[in-house]
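One structure below.
Please treat every number below as a calculation from the coordinates, not as lab data. If you're wondering where the values come from, they're calculated on a predicted model, not measured in any experiment. Neighbour counts are summed over all protein chains in view; Cβ atoms, including those assigned to glycine, are modelled from backbone coordinates with ideal geometry.
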Amino acid sequence: MPEPFTLTEATGRLGPIAGDGAPEVLPPCPSVPPAEGIALPQAIAAMHRILAQAQTPAAINGALQQLGLAIAADRVYLFRNHPHPVTEAPLASLRAEWCRRGTRSQLQNLELQNLDYHSTMAQWYERLASGEGLVNGLALGGLVQLGGRRPLRSRLISPILLEDGLWGFLGFDWYGEGGVCTPHSQDLLAIAASALGLAMTCQRTAARLESLQQRFEGELQQRTVKLQAAIAQLQREMADRRQAQSELRHSALHDRLTGLPNRTYWMELMGDMIALANGALPQSPTPGPSPGPSIARPAPQTAAPKSAQESDPVQSFAVLFVDIDRFQVVNDSLGHDLGDELLVAVAHRLRRCLGESDVLARLGGDEFAILLPQARDRQGAERVVQAIDHCLREPIALAGQEIYTSVSIGIALGPGDYCQEPERLLRDADLSMRQARKLGRSHHTISDRAEHDQLLAAMRLETDLRKAVSTLNAWNFGRADYVSQPEDSQFYLCYQPIVDITQHRICAFEALIRWQHPVLGLISPGRFIPIAEETDAIASLGLWTLYRACQQLRQWQDQLHAIHPNLPPLQMSVNLSCRQFARLDLLDSIERVIETTAIDPSALKLEITESTIVGNADLAKSTLQTLQNMGIQLCLDDFGTGYSSLSYLHQLPLDTIKIDRAFIEALDRGPKNQDIVKAILTLADTLRLSVIAEGVETPEQLQTLRQMGCTYIQGYLFSKPVRAEAALQLLRSEYPMRSDLRAIAPPAP
Ligand code: C2E
Ligand code: CA
Ligand code: CA
């Protein structure tokens with residue numbers, strides 16, 4: 001029989017035991033104050049109230065204290081079961097404890113953690129699991145000996161049974177032999193034990209919940225921070241992208257060098273202006289591109305909407321096409337960096353002459369365009385042109401030098417009849433500018449339709465010529481097929497014989513270029529050579545002509561030599577244009593042609609005109625000298641048409657002069673004209689120059705020239721310029737000269 005507890009006699013006033021260390025102070029128990037000596041049922045009720053309020057460790061301690069004081073125990077403790085992590089055998093660990101003052105706490109005692117039921121507390125498990133408590137007398141293994149000098153005994157162990165079995169147990173210790181418990185008290189304590197177990201479970205669940213919550217909140221916070229960072233990053237990226245897009249748009253519509261609107265911008269603007277003038281846009285247009293920093297948008301026009309009956313288009317604005325004169329020269333001589341600086345400086349000057357609403361754009365190269373939205377007529381535009389002229393009179397300082405520059409300006413008035421085509425407006429302004437330059441004026445406005453058509457045709461021809469010449473460029477000079485006529489080449493050479501009337505034979509040919517335009521047909525060199533000279537296409541064209549003529553000469557020389565080995569070799573005259581003559585690579589090119597075609601240089605005669613020499617006689621002289629030193633023959637073409645021939649004729653290293661057709665034509669018109677030709681022949685004789693009479697068409701002219709002692713004749717009388725095959729025929733069949741022509745005048749005795 002178990003010894004009964006005498007609960008009411010429990011002595012809760014045991015003081016601290018000497019040598020057992022400092023008395024422990026329990027954390028304060030929530031709301032229900034501990035009561036020494038109260039009856040067990042009240043203590044259990046108090047314990048319930050405590051646990052109802054909270055399941056914190058402090059509350060659990062308070063509950064243990066209520067029980068301990070009620071049954072005058074020295075220590076009340078709670079073990080919780082848990083499975084071995086590997087074997088899953090049931091283990092028990094001390095989890096909570098109340099100790100009377102002076103009793104040493106065992107919470108830090110590691111021996112009371114992970115107690116194995118089977119090895120340490122044999123048979124306990126089954127008894128406790130079946131709901132039976134363990135009372136006084138049962139050996140408690142290590143538990144029994146707790147308590148230092150005074151043995152502390154566990155007198156009562158109450159199982160804690162929850163729904164899923166044995167949760168743990170509640171134990172009560174007394175010093176020495178103290179502690180009596182009635183079966184009723186044991187039952188009450190068993191109930192209390194279960195309540196405690198439940199509270200502990202709740203506490204654990206709550207703690208877990210709280211930690212879960214904390215973790216969740218932590219994660220949430222982390223995610224929020226990450227999300228905020230991502231949003232901030234996104235916003236930055238979007239701002240960057242917007243910035244990049246606007247920069248891209250800006251650079252797509254603006255010129256890098258000057259910061260001015262570019263051609264694309266200009267075209268959009270023109271489209272808007274035309275639409276606006278036609279009433280297709282609202283009065284406050286927001287035409288495509290946004291304005292750049294250096295320009296101002298045109299103020300909205302208040303042009304009256306056009307009625308359907310109106311036949312005259314509304315002229316509501318002006319467009320200027322501005323081109324810097326001789327910019328290429330500055331660029332070539334001062335270098336591209338200074339050329340760029342000049343462009344920027346000119347852009348600033350132009351801007352200075354313009355109003356707020358005027359737009360200045362750089363179309364490319366040295367070309368600018370200006371929109372004058374307020375200039376309703378020619379006079380309005382001309383005022384701006386005069387301001388520009390005036391503004392550019394001041395020199396521009398570039399790298400320590402003062403540069404004087406001027407511009408050519410074309411004016412077009414819009415929208416005119418350009419209703420559908422903004423490009424036409426600019427093109428007409430461009431045409432006007434070219435015309436201004438040609439006429440040596442600062443500006444020009446196209447005055448009528450005929451002029452417009454004429455200028456346009458010239459411009460188209462120029463474009464076509466550039467294109468046709470570019471096919472020549474595609475070949476590599478010196479390549480075998482360079483001289484063979486390509487299928488798509490629009491150029492070919494004709495050859496006109498030059499006859500030695502004393503020897504009755506063709507002594508030379510003049511090579512004359514022809515352009516077979518795919519639409520316009522054959523175009524005379526008199527028309528396209530000047531255009532080629534303006535555009536610099538003459539360099540390729542001239543080189544090709546020279547190469548092809550020399551190659552042809554070589555071929556004919558070989559063929560003739562086979563028939564008439566004793567005759568002096570055939571010669572070839574090739575025209576050299578003014579611009580070609582001024583090129584630095586002229587001498588190199590000629591040398592290469594002679595080398596590649598393997599002709600004797602003395603068989604080549606280069607024809608230059610007086611215009612080539614006028615202006616830079618010294619340079620011309622030294623170039624001619626070099627050519628003569630190379631063994632090449634030199635001929636002054638169109639002699640007599642220039643105005644200062646005589647003054648320098650004797651200084652130039654020439655071999656031949658060619659009397660212009662005009663003098664030959666005039667031979668039939670009286671003795672005065674004959675005297676001029678005679679004088680030329682005498683002059684040439686004095687200077688030891690040979691003479692060719694050009695444009696001889698009639699037997700009478702031939703007769704006169706022969707009587708004057710002129711040896712070399714070129715003209716339709718003998719032959720027009722002909723293709724190579726026909727020229728070869730001439731060489732073969734009329735070699736020596738046609739008998740009827742030979743009979744015109746007897747050879748000189
Ligand atoms: P040019 O050098 O004075 O050439 C002579 C021009 O007079 C040729 O005209 C020729 O066909 C023409 N002609 C010859 N005999 C007579 C005649 O009896 N009566 C008439 N009415 N005309 C005659 P084309 O071929 O039309 O050439 C005109 C000009 O074009 C040439 O004048 C020359 O300045 C230039 N040209 C022709 N081919 C070339 C070339 O390959 N290079 C360069 N730079 N200029 C060339
Ligand atoms: Ca000629
Ligand atoms: Ca000529």
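Data table
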| item | result |
| --- | --- |
| Sites Ser524 and Val614 - FRET efficiency at Förster radius 25 Å, r taken between beta-carbons, to 0.05 | 0.55 |
| Sequence-separation-based contact order of segment 356-409, relative, with Cα cut under 8 Å and 6+ spacing, percent | 20 |
| Förster-model FRET efficiency, 56 Å R0, Tyr492 and Tyr404, C-beta, rounded to 0.05 | 0.80 |
| Alpha-carbon radius of gyration plus Dmax, which is the widest Cα pair, for segment 661-723 in Å | 11.5, 37 |
| Whole-Hz couplings from phi, Karplus 6.51/-1.76/1.60, listed for segment 195-207; x for Gly and Pro | 4, 5, x, 4, 4, 4, 4, 4, 4, 4, 4, 4, 4 |
| Length released on extending from Asp164 to Arg352, taking residue separation times 0.36 nm less the Cα-Cα span | 58.0 nm |
| Amide hydrogen neighbours beyond the local backbone of Glu367, cut-off 5 Å, H modeled | none |
| Per-residue Cβ neighbour rank within 10 angstrom, fewest leading, Leu689, Leu705, Leu156, Leu334 | Leu334, Leu689, Leu705, Leu156 |
| Note, ³J(HN,Hα) from phi for segment 233-250, Karplus 6.51, -1.76, 1.60, rounded to Hz, x at Gly and Pro | 4, 4, 5, 4, 5, 5, 5, 4, 5, 4, 4, 4, 5, 6, 5, 4, 5, 4 |
| Alpha carbon convex hull of segment 565-639, volume per residue in cubic angstrom | 90 |
| D_trans [Stokes-Einstein, Kirkwood Rh over alpha-carbon pairs] for segment 56-133, 20 °C, 1.002 mPa s, µm² s⁻¹ | 156 |
| Interchain or long-range residues, amide H under 5 Å from Asp325's placed H | Ser406, Val407, Ser408 |
| Cα centroid separation, segment 95-128 to segment 596-621 (Å) | 125 |
| Label-to-label distance, nm, for residues given as Asn109 and Met708 (7 Å Cα→Cβ offset) | 15.0 |
| FRET efficiency estimate (nearest 0.05) - Cβ-Cβ, Gln233 to Ala207, R0 25 angstrom | 0.05 |
| Proximal charge balance of Gln625 [Cβ under 13 Å; K/R count +1, D/E count -1] | -1 |
| Distance histogram for segment 533-611 (every C-alpha pair counted, 5 angstrom bins, percent rounded to whole numbers) | 3, 15, 25, 23, 15, 9, 5, 4, 1, 0 |
| Residue order, fewest to most surrounding Cβ atoms within 10 angstrom, among Lys605, Lys720, Lys672 | Lys672, Lys720, Lys605 |
| Ascending count of other beta-carbon atoms within 10 Å, so fewest first, for Trp98, Trp544 | Trp544, Trp98 |
| In Hz, Karplus ³J(HN,Hα) per residue of segment 368-375 (6.51, -1.76, 1.60; θ = phi - 60°; x = Gly, Pro) | 10, 10, 10, 9, 10, x, 8, 7 |
